[in-house]
Amino acid sequence: MSTVLQEIKFEKLSKYHIDNGWYEWIKNMTNESQVEFIRTPPNREDLEKLVNKNNDNDLWLAALRSINEGDNQSFKYFANVHISNISWVDRRCMFGRMIGEKGLRGKGLGTLLTKKILTYCFDSLGMYKVTATCSAINEGAIKSNLKAGMIREAILKKHGFFQGKHLDTHLFAAWSDNWEKG
C-alpha cells in the first residue's frame, strides 16, 4: 500500500507527460471547477505545441509527488503547473495548476502544491509577487489558495462565461516579503 508523503518536486513538462497522464486527464475532464479546460479542451497537437514553446514569459512544469512503497521512495506525476505572464523587470508572475488524477483531489494536495509553487516562484525565479485566478465555482482552488497563505486581492465580477452564465473570477496574490513558507 502506498502512502502520499509531503514532498512535491517539479520537472519541465515534456511529450512524456502528454502520453503519461496529461492528455487523458483533459479528455476525461468533467469537473466544472476546471472551466478553462472544459470550454476549449486542447487536442494532443495543442499540448505538443505548448511543451515545445520556448517563451521567456511562460513556464510549464510537471508536478510529481513522492510516494513511499515499503523501503522505496519514488515520484509519480499527478499535476501540471503553468507559470505565465512572467515580468522579469517587475518580478511578478501568475500561475495555474491542475491536479490531473481525480483520486487525489480534495486531499490537501492542492494546498501543498500551491505552497510549493509559491516557494519555487519566490526562491528559484526571484519573483516578488505571484498571483492566481480561478472561477467562483472552483471551490477547491479557492480553499487551497487561502490555506496556502495567499490573499484574495479582488473578485472580478462576471468575468468569465460558462454554460450560459457569467461567472465571477477570484484573484489571489502572495508577496515574497510577507509570505510564510509552508
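The values are calculated or read from the model by the stated rules, or taken from the named source; none is laboratory data. Please read these numbers as outputs of a predicted model, since none were measured by experiment. All Cβ positions, glycine included, derive from the backbone under ideal geometry; neighbour counts span all protein chains shown. Accessible surface areas use protein heavy atoms only, side chains included; no ligands, DNA or RNA. Shrake-Rupley method; radii C 1.70, N 1.55, O 1.52, S 1.80 Å.
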(request) Could you work out, for the chain, what percent of all Cα-Cα pairs fall into each 5 Å distance bin, beginning at 0 Å and stopping at the bin that holds the largest distance? (result) 1, 8, 16, 20, 21, 18, 11, 4, 1, 0, 0
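Calculated FRET efficiency, Val89 and Leu156, Cβ-Cβ r, R0 30 Å, to nearest 0.05? Before the final figure, lay out each step's value.
Values: r = 25 Å, r/R0 = 0.82.
The calculated FRET efficiency here is 0.75.
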(message) Give the separation of the Cα centroids, the range 135-182 to the range 47-97, in Å.
(response) 19
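Residue separation times 0.36 nm, minus the C-alpha to C-alpha distance between Gln73 and Lys9: what's the value? Walk me through the intermediate numbers first.
Details: separation 64, 0.36 × 64 = 23.04 nm, distance 1.31 nm.
Net length gain for the segment: 21.7 nm.
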(request) Enumerate the calculated ³J(HN,Hα) couplings along the range 141-147 in order (Karplus 6.51 cos²θ - 1.76 cosθ + 1.60, θ = phi - 60°), each rounded to whole Hz, writing x wherever the residue is Gly or Pro. (result) 5, 4, 4, 5, 4, 5, 5
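Where the only charges are on Cβ atoms (+1 Lys, Arg; -1 Asp, Glu), what is the dipole of the range 75-182 about its Cα centre, to the nearest 20 debye?
The calculated dipole for the range 75-182 is roughly 320 debye.
Need one word for the range 51-134: rounded, prolate or oblate. Basis is the Cα gyration tensor (sqrt eigenvalues a ≥ b ≥ c); a/c below 1.5 gives rounded, then a/b vs b/c decides.
Judged from the Cα gyration tensor, the range 51-134 comes out prolate (a/c at least 1.5, a/b above b/c).
May I ask which of Lys12/Lys102; Lys27/Lys129; Lys27/Lys76; Lys27/Lys53 have a Cα-Cα span longer than 25 Å here?
Values: Lys12/Lys102 22 Å; Lys27/Lys129 33 Å; Lys27/Lys76 20 Å; Lys27/Lys53 22 Å.
Cα-Cα > 25 Å for Lys27/Lys129; rest within.
When the accessible area of the chain is computed with all protein chains present and a 1.4 Å probe, what percentage of it is carbon and sulfur? Could you put the intermediate results ahead of the total?
Details: 4790 of 10090 Å².
Solvent-exposed carbon and sulfur of the chain make up 47 percent of the total.
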(request) Count neighbours as other Cβ atoms within 10 Å of each site's Cβ, and list the chymotrypsin sites (Phe, Trp or Tyr not before Pro) in the range 128-182 that are DSSP loop with at most 16 such neighbours. (result) Tyr128
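Ignoring everything except DSSP H segments at least 4 long, calculate the 222 nm mean residue ellipticity for the chain; use -39,500 (n - 2.57) per segment, divide by total residues, nearest 500. All intermediate terms of the calculation are to be shown ahead of the outcome.
Numbers: 5 runs with 39 residues, N = 182.
Mean residue ellipticity at 222 nm (helix-derived): -5500 deg cm²/dmol.
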(request) Note the full-extension length gain between Glu45 and Ser124 as 0.36 nm times their separation in residues minus their Cα-Cα distance, in nm to one decimal. (result) 25.4 nm
(request) Could you calculate the FRET efficiency of Asp19 with Lys165 from 1/(1 + (r/R0)^6), where r is the beta carbon distance between them and R0 is 35 Å, rounded to 0.05? (result) 0.50
(request) Please list Val89, Val130 in order of solvent-accessible area, largest first, computed with a 1.4 Å probe with all protein chains present. (result) Val89, Val130
